[in-house]
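Okay, structure first, notes after.
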Amino acid sequence: MATYDGPAIVITDGAEYEVEASLVLTVESVPVPGHQPMKGLAEWHGTLQAQSDEAAGNIYEAEQPKLRIDGGEHECLFIATGRGSHSIEIRGSGAAPFG
């Protein structure tokens, strides 16, 4: 399990939003009879803290938001699964933008 807590960028609908991300990456372990378990599907999830309620709303309602860890080049699609005042709960699968 890997974690990330720090700055990130959400890219969506021609805009970029600076957020604070708190993310967790988990990788499923698949048992293989007579052998060591194999790595299975990777899933990551967590919370983004936007700078305003308006930004949180725009991110939550975006068609295909992407997350990039601040300073990184890898962008990952995610889905927003919940929303608070300035926060957005997210979930992604496959390669994570961290870890």
Q: Give GLY82, GLY46, GLY94, GLY72 a once-over and let me know the one that is among the small types (Gly, Ala, Ser) and free of Cβ contacts under 8 Å to residues at least 12 places away in the same chain.
A: GLY82
Q.
So, in the stretch 1-16, exactly how many residues are over 14 Å from the mean Cα position of the chain (by Cα) and not hydrophobic (A, V, I, L, M, F, W, C)?
A. 3
Q: Residues being surrounded by fewer than 17 Cβ atoms within 10 Å (Cβ to Cβ) and either small (Gly, Ala, Ser) or in contact with a helix residue (DSSP H, G or I) (Cβ under 8 Å, 6 or more places away or on another chain) (or both): count how many of those fall in the stretch 13-54.
A: 9
Q: Would you be able to say whether some residue in the stretch 55-69 is in contact (Cβ under 8 Å) with a residue 60 or more places away in the chain and crowded, with 16+ Cβ neighbours inside 10 Å?
A: yes
Q. Which residues, taken from the stretch 85-99, are closer than 14 Å to GLY57 by Cβ, in contact with an Asp or Glu (Cβ under 9 Å, 6 or more places away or on another chain) and surrounded by 12 or more Cβ atoms within 10 Å (Cβ to Cβ)?
A. HIS86
(Q) Among the residues that make up the stretch 80-95, is at least one of them in a strand (DSSP E or B), farther than 25 Å from GLY40 by Cα, out of contact with any Pro (no Cβ under 8 Å at 6 or more places or on another chain) and of a type in the set (Ser, Thr, Tyr)? (A) yes
Q) Does any residue of the stretch 25-43 turn out to be more than 22 Å from MET1 (Cα to Cα), in a loop (DSSP other than H, G, I, E, B) and modelled with pLDDT under 95? A) yes
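The values are calculated or read from the model by the stated rules, or taken from the named source; none is laboratory data. The model shown is predicted, which means the values in this text are computed figures rather than measured ones. With ideal geometry, Cβ positions are generated from the backbone for all residues, glycine too; neighbour counts draw on all protein chains shown.
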